[in-house]
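Report on one structure; see the data block that follows.
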Amino acid sequence: MRKYFLILFTILLFAVTGFVPTPQQNSSEETIAERVDSVLALMTLEEKIGQLNQLSFGIGWGPTVKVSVPDEYKQQIREGKIGSFLNAIGAEFTYELQKVAVQESRLKIPLIFGLDVIHGFKTTFPVPLGEAATWQPEIVEMSAHYQAIESASAGIHWTFSPMVDIARDPRWGRIMEGAGEDPYLGSLMAAAHVRGYQGDLSDLNIIACVKHYAGYGGAEGGRDYNTVDMSERTFRDIYLPPYKAGVEAGAHTLMASFNELGGIPASGSKYLLNDILREEWGFKGFVVSDWNSIGEMINHGYASDLKHAGEISLNAGLDMDMESRSYITHLKQLVEEDKVDEDVIDESVRRILRIKFMLGLFDDPFRYCQKEREEKNIMTSDIKIASLEVAKRSFVLLKNDKNILPLKKDYKKIAVIGPLANNSIDPIGGWGGLGDSADVTTVLEGFKNYVDKKTQVLYSEGCKIDDPSTKGFKDAVNIAKKSDVIILCVGESRDMSGEACSRSSLDLPGVQEDLAKELLKTGKPIIVVLMNGRPMSINWLNDNANAILETWFAGTMTGDAIAKVLFGDYNPSGKLPVTFPRTVGQVPIYYNHKNTGRPGDLKNHYTSKYLDLPLTPLYPFGFGLSYTTFEYNDFKLSTNKITNEDSIIVSVKVKNTGNYDGEEVVQLYVQDLVGSVTRPVKELKGFKKIMLKRGEEKTMDFTIHEKDLRFTAADMKFKSEPGLFKVFVGTNSVDLKESQFELVE
Ligand code: NOJ
């Protein structure tokens, strides 16, 4: 009854004043639902369809800042034909657009502005793969929180992040946008991002969008947009958990992926969008398509034309159409032809309006459009400090022969060499938002900022990232000869990873390795600084360089962060979130593989191996060195038998046995020895990052419950099975101490 009055009141009020009452932000779900219905009751079918339509502002894919609003857009907004824009940026510019929506359209429904804030808006943070290498969800949450502050201050309500696609194939360029190969680590990172962006949706928070739902990272051959086909068990146990974790952390939106999964494009999959997402997980938010992913179902061979594609997607549960224009063009006719039920459209509109209410846009449509706040909040010193902190923690020390690092502070001359040494554009990484090279410290600048007057920093580019010319080698060798140590900055350019950036080789591009070979001849120690968005096969460097620091693409504060870490102001603590193969021929290679009936054995011909390669990767998952050393002792289980009701405490003493204070990521893995289906050789089940002072020892405890041992069993139920389990603790996925317990009924 109350609801009925509310709707009636709304209609009357609108008729008299043209005013749509809005709920208070933070209202209860029930109040929001009532308010949503009160707006819905006023809407024509065309206006409803308009809410489902998202357009990119301007021409092309990139963000557009501060341009005047063309009449063509104004007219569409006035007519209620656009529910959302992506790529419209800036407090003033979004104000202009919003003004048309809330002052000139019939129902005054505010627009929602989305943008790819993937690892920063203007201040860039390390790419997500680098953030995952921190193994510190709380740091990633902080990073997302700061990214939200910057982008929300510039009018953005909604980010198309986090990308939580599990990736086991480093040829796939988008591996850089996610947290790597592991569902447990990936789930924690997904949830951390969501919490960081959304907060409590009060001031300066943005809505998260968990993407790309689902299975996008499983693209065959690592080729972007490619077919995905895998068993439902692998899908559920490996690929799905991070999406679920994002939903459980409260993500208000998801993005449907480009790929097909087992023959059904994700953007038209009722199974994904309804059965799993809404029925199984109880997701209440809305789903946006990827860019024209509805239209692409025609190429997939799943829809005959754009109209058919719209029918499939809407009926499957895809609420908002990004850029295919299928909904805006065809939905009305589809309703008239009874191919789409208006109730289904209503449901999608409800989901979208609900988020607009939750964001407080009906209360104050301009709450994200404050020019002064934008000026104040972009690139503040706080945000830069946060970016520096995350960058330092994301670096992974891959090699440190004879403890050449940290660098001595009394070197007279340091040669900073390589195509990434004085490069301020590539460290921004792919999807760098509005990141500007003018704001980035290069490695050369970082070194110059760091050293005192007694040390001279020399520079030579040596070669380009991906160019056959060796002309610059001579100059590089000359300055190397004059120096005490070489800092060699090599890797990929920012546009070699990210969307549509699949590569068939994981080797260093161009003549970078040849440059390293020439420099080696000088006899000077070589410290390699790697910048890249994917695992690389750097065997020669691993064999010949004195030290290697993986720095991914570290963002705005790159140079300062690298100098601080190389000189030992911060002791590296990152660990690999993904396996580094020796060669692309080993791909896919990941730590949580199955054993096979013939586990690899180089001495036994008829086993699962390559004739021409060792069994192991170059660097395993979870690997990363420190300037200090850690010793693991007294590995104990509180019991060797548990039932479904109790738990085991796994404890181990970790001691800092080296010469520096440092942090260690203590990792816990489990293996289920026999199952109703075969089980991985190891699965990450927990980790803790701890700080230990020189000589300090701490006891680390982990608790294992029955629920941690569940998987999709032979009957497709997610459950544990009684039997024997191995449990491992250690510094990476290979160097582990081992014990055993039994799960009894
Ligand atoms: C396509 C990409 O796949 C997706 O990740 C991104 O969010 C959209 N374009 C919007 O830019």
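Can you name the residue in the stretch 84-110 that is assigned to a loop (DSSP other than H, G, I, E, B), away from the ligand (no atom under 16 Å from the Cβ) and not hydrophobic (A, V, I, L, M, F, W, C) and is also modelled with the lowest pLDDT among such residues? Of everything passing the filter in the stretch 84-110, G90 is modelled with the lowest pLDDT. The listed residues are E745, E683, and the only one of them that is loosely packed, with under 13 Cβ neighbours inside 10 Å and either of a type in the set (A, V, I, L, M, F, W, C) or out of contact with any Gly (no Cβ under 8 Å at 6 or more places or on another chain) (or both) turns out to be E745. So, A191, is that one closer than 26 Å to V565 by Cβ, of a type in the set (A, V, I, L, M) and away from the ligand (no atom under 16 Å from the Cβ) or not? Considered against the rule, which asks whether it is closer than 26 Å to V565 by Cβ, of a type in the set (A, V, I, L, M) and away from the ligand (no atom under 16 Å from the Cβ), A191 comes out as no. Looking at this structure, is G585 in contact (Cβ under 8 Å) with a residue 24 or more places away in the chain and part of a loop (DSSP other than H, G, I, E, B)? Criteria not met by G585. Reported count of residues in the stretch 88-109, each being among the hydroxyl-bearing types (S, T, Y) and buried (at least 23 other Cβ atoms within 10 Å of the Cβ), is 1.
For G217, state whether it is touching a residue at least 40 places away in the same chain (Cβ under 8 Å), within 14 Å of the ligand (Cβ to nearest atom) and either surrounded by fewer than 24 Cβ atoms within 10 Å (Cβ to Cβ) or under 14 Å from the mean Cα position of the chain (by Cα) (or both). For G217, the condition - touching a residue at least 40 places away in the same chain (Cβ under 8 Å), within 14 Å of the ligand (Cβ to nearest atom) and either surrounded by fewer than 24 Cβ atoms within 10 Å (Cβ to Cβ) or under 14 Å from the mean Cα position of the chain (by Cα) (or both) - is met. Annotation: S143 fulfils all but one of (1) within 23 Å of W291 (Cα to Cα); (2) more than 16 Å from the ligand (Cβ to nearest atom); the unmet one is (1). If you go through the stretch 241-286 and keep only what is assigned to a strand (DSSP E or B), in contact with an Asp or Glu (Cβ under 9 Å, 6 or more places away or on another chain) and either farther than 18 Å from I352 by Cα or away from the ligand (no atom under 13 Å from the Cβ) (or both), you end up with E260, L261, P265, F286.
Taking A256 and the conditions (1) in contact with a Leu (Cβ under 6 Å, 6 or more places away or on another chain); (2) free of Cβ contacts under 8 Å to residues at least 60 places away in the same chain, which numbered condition does it fall short on, given that it satisfies the others? The failed condition is (2). When D338 is tested against (1) away from the ligand (no atom under 16 Å from the Cβ); (2) within 31 Å of the chain's Cα centre (by Cα); (3) farther than 30 Å from G435 by Cα, exactly one condition is not met: (2).
Out of everything in the stretch 408-419 that is in a loop (DSSP other than H, G, I, E, B) and of a type in the set (D, E, K, R), what residue ends up being modelled with the highest pLDDT?
Only one residue tops the list, namely K412.
Being within 16 Å of the ligand (Cβ to nearest atom) and in contact with a Phe, Trp or Tyr (Cβ under 8 Å, 6 or more places away or on another chain) is the filter here; which residues of the stretch 295-312 pass it? Answer for the stretch 295-312, where residues must be within 16 Å of the ligand (Cβ to nearest atom) and in contact with a Phe, Trp or Tyr (Cβ under 8 Å, 6 or more places away or on another chain): just E296. Against the test of being farther than 30 Å from P581 by Cβ, in contact with a Lys or Arg (Cβ under 6 Å, 6 or more places away or on another chain) and basic (K, R), the options K636, K719, K707 yield a single qualifying residue, K719. Tallying residues that are closer than 19 Å to S739 by Cα and outside any strand (DSSP E or B) within the stretch 653-674 yields 2.
Condition check ((1) more than 30 Å from L625 (Cα to Cα); (2) part of a loop (DSSP other than H, G, I, E, B)) across all residues:
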{"site": "G360", "(1), (2)": "yes, yes"}
{"site": "D364", "(1), (2)": "yes, yes"}
{"site": "V390", "(1), (2)": "no, no"}
{"site": "P406", "(1), (2)": "no, yes"}
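The single condition from (1) of a type in the set (F, W, Y); (2) modelled with pLDDT under 90; (3) buried (at least 17 other Cβ atoms within 10 Å of the Cβ) that F113 fails is (2).
Going by what's in this entry, would V677 be described as surrounded by 20 or more Cβ atoms within 10 Å (Cβ to Cβ) and either of a type in the set (A, V, I, L, M, F, W, C) or not in a strand (DSSP E or B) (or both)?
For V677, the condition - surrounded by 20 or more Cβ atoms within 10 Å (Cβ to Cβ) and either of a type in the set (A, V, I, L, M, F, W, C) or not in a strand (DSSP E or B) (or both) - is not met.
Conditions tested, residue by residue: (1) away from the ligand (no atom under 16 Å from the Cβ); (2) surrounded by 20 or more Cβ atoms within 10 Å (Cβ to Cβ).
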{"position": "G446", "(1), (2)": "yes, yes"}
{"position": "T455", "(1), (2)": "yes, no"}
{"position": "L488", "(1), (2)": "yes, yes"}
{"position": "D507", "(1), (2)": "yes, no"}
{"position": "A516", "(1), (2)": "yes, yes"}
{"position": "G533", "(1), (2)": "no, yes"}
{"position": "L541", "(1), (2)": "yes, yes"}
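How about the stretch 52-83: which of its residues are within 16 Å of the ligand (Cβ to nearest atom), modelled with pLDDT under 90, assigned to a loop (DSSP other than H, G, I, E, B) and surrounded by 15 or more Cβ atoms within 10 Å (Cβ to Cβ)? Scanning the stretch 52-83 gives F57, G58, P63.
The one condition from (1) away from the ligand (no atom under 14 Å from the Cβ); (2) surrounded by fewer than 19 Cβ atoms within 10 Å (Cβ to Cβ) that D224 does not meet is (1).
The values are calculated or read from the model by the stated rules, or taken from the named source; none is laboratory data. Predicted model only: the values in this text are computed from it and were never measured. We place every Cβ from the backbone using ideal geometry, glycine too, and count neighbours over all the protein chains shown.
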